[in-house]
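Asks: Dropping a structure here in structure tokens format, bear with me for questions.
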Amino acid sequence: MTDFISLIKSRRSIYHLGKKSDITPHEIVQTICNCLEQTPTAFNSQTGRIVVLFNEPYKQFWISTKNTLKKITPSEQYEKTKEKLTSFSKGIGSILFFEEQHTIQMLQEKFSLYADNFPIWSMQSSGMLQYCVWLALTELGLGANLQHYNPLVDDYVQKTFSLPASWKLLAQMNFGSIEKPADEKTFLEIQKRLKVFE
């Protein structure tokens, strides 16, 4: 248990990423596969979907995102936005997280009593999957950060990678070597966040 708590404490948002790692793409993908298979889902629906980008597809994704943001960001703010987006492309790759909507709709029809809950359970499952992957990358010695540029990037992703229309993009996780550690994190008093009744 101590090792797991240490891993939880080690997971942070790392924004200064690099490519200095001996971990191979195959090892990263295998780790992600394990997370994808083992993360729980409501009714064992297995609605999580993942796309992993390395090399040129990874680079082009963030170039496209910059171009998209340039069209809608005020010119005086764009330089800072561009700098931030460029930093996301300096790592090893990006992981795109999706939820498969067709399965959710089928479950809503089959179990109408719980219809309103399935989209909520889907989001909960995706959050668990994202966290599982983040912890697994941390265990590999890699840093990561989680971003949400959907739906602005949805069209590019769907067309470029020929994905099913039922895959709904929820988040983008960038990962790489840790070039600069995260700043110190502050916490609210635990008594304000936790109540125990015995």
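Read-outs: derived from the displayed coordinates by stated rules, not from any lab. Owing to the predicted nature of the structure, the values given are computational and were not obtained by experimental measurement. Heads up, the Cβs are rebuilt from the backbone with ideal geometry, glycines too, and the neighbour counts pull from every protein chain shown.
Asks: Checking LEU17 against (1) loosely packed, with under 13 Cβ neighbours inside 10 Å; (2) in contact with a Gly (Cβ under 7 Å, 6 or more places away or on another chain), only one condition comes out false. Which one?
Replies: (1)
Asks: Among the residues of the stretch 160-198, count how many are free of Cβ contacts under 8 Å to residues at least 24 places away in the same chain, outside any loop (DSSP other than H, G, I, E, B) and under 30 Å from PRO119 (Cα atoms).
Replies: 1
Asks: So, one more: Just to be sure I understand, how many residues within the stretch 137-159 are assigned to a strand (DSSP E or B) and without any contact (Cβ under 8 Å) to a residue 24 or more places away in the chain? Show your work before the answer.
Replies: Filtering the stretch 137-159 for residues assigned to a strand (DSSP E or B) gives 143-147.
Imposing the further condition that a residue be without any contact (Cβ under 8 Å) to a residue 24 or more places away in the chain reduces the set to none.
Going through the stretch 137-159 one residue at a time, the tally reaches 0.
Asks: Mind checking which pairs have a first residue in the stretch 110-135 that is closer than 18 Å to ASN34 by Cα and a second that is of a type in the set (D, E, K, R), Cβ under 9 Å, 6 or more apart or different chains?
Replies: From residues that are closer than 18 Å to ASN34 by Cα, the pairs are SER125/GLU99; SER126/GLU99; TYR131/ARG11; TRP134/ARG11; LEU135/ARG11.
Asks: Out of (1) in contact with an Asp or Glu (Cβ under 6 Å, 6 or more places away or on another chain); (2) among the polar types (S, T, N, Q); (3) closer than 30 Å to LYS185 by Cβ, the odd one out for THR47 is which?
Replies: So THR47 meets the others, but not (3).
Asks: For the stretch 1-49, give me each residue that is out of contact with any Lys or Arg (no Cβ under 9 Å at 6 or more places or on another chain) and hydroxyl-bearing (Ser, Thr, Tyr).
Replies: THR2, SER6, SER10, SER13, SER21, THR24, THR31, THR39, THR41, SER45, THR47
Asks: Mind listing whichever residues of the stretch 90-105 are out of contact with any strand residue (DSSP E or B) (no Cβ under 8 Å at 6 or more places or on another chain) and within 24 Å of CYS35 (Cβ to Cβ)? Outline the logic, then answer.
Replies: Of the stretch 90-105, the ones out of contact with any strand residue (DSSP E or B) (no Cβ under 8 Å at 6 or more places or on another chain) are 102-105.
The answer is HIS102, THR103, ILE104.
Asks: I'd like to check something: does the stretch 65-77 contain any residue that is touching a residue at least 40 places away in the same chain (Cβ under 8 Å), surrounded by fewer than 18 Cβ atoms within 10 Å (Cβ to Cβ) and either among the hydroxyl-bearing types (Ser, Thr, Tyr) or in contact with a Gly (Cβ under 6 Å, 6 or more places away or on another chain) (or both)? If you could, list the steps in order and put the result at the bottom.
Replies: Of the stretch 65-77, the ones touching a residue at least 40 places away in the same chain (Cβ under 8 Å) are 65, 68-69, 72.
Narrowing further to those that are surrounded by fewer than 18 Cβ atoms within 10 Å (Cβ to Cβ): 68, 72.
Now narrow it down to the ones that are either among the hydroxyl-bearing types (Ser, Thr, Tyr) or in contact with a Gly (Cβ under 6 Å, 6 or more places away or on another chain) (or both): 68.
For the stretch 65-77, residues touching a residue at least 40 places away in the same chain (Cβ under 8 Å), surrounded by fewer than 18 Cβ atoms within 10 Å (Cβ to Cβ) and either among the hydroxyl-bearing types (Ser, Thr, Tyr) or in contact with a Gly (Cβ under 6 Å, 6 or more places away or on another chain) (or both): present.
Asks: Just for the stretch 153-198: of the residues that are loosely packed, with under 10 Cβ neighbours inside 10 Å and among the hydrophobic types (A, V, I, L, M, F, W, C), which one is farthest from THR65 (Cα to Cα)?
Replies: At the first step, the residues of the stretch 153-198 found to be loosely packed, with under 10 Cβ neighbours inside 10 Å are 159, 162, 165, 183-198.
Within this subset, residues satisfying the condition of being among the hydrophobic types (A, V, I, L, M, F, W, C) are 165, 187-188, 190, 194, 196-197.
Numbers: ALA165: 20, PHE187: 33, LEU188: 35, ILE190: 38, LEU194: 40, VAL196: 45, PHE197: 48 Å.
Ranking the candidates gives PHE197 first.
Asks: Counting only residues that are part of a helix (DSSP H, G or I) and surrounded by fewer than 16 Cβ atoms within 10 Å (Cβ to Cβ), how many does the stretch 49-63 have? Show your work before the answer.
Replies: Narrowing the stretch 49-63 to residues part of a helix (DSSP H, G or I): 55-63.
Next cut, surrounded by fewer than 16 Cβ atoms within 10 Å (Cβ to Cβ) only: 55-57, 59-60, 63.
Residues that pass the stated criteria total 6.
Asks: Could I ask something else about it? Only one of these is polar (S, T, N, Q) and outside any loop (DSSP other than H, G, I, E, B): GLN46, GLN77. Name it. Step through it out loud before you land on a result.
Replies: On the way: GLN46 fails: outside any loop (DSSP other than H, G, I, E, B).
Only one candidate qualifies: GLN77.
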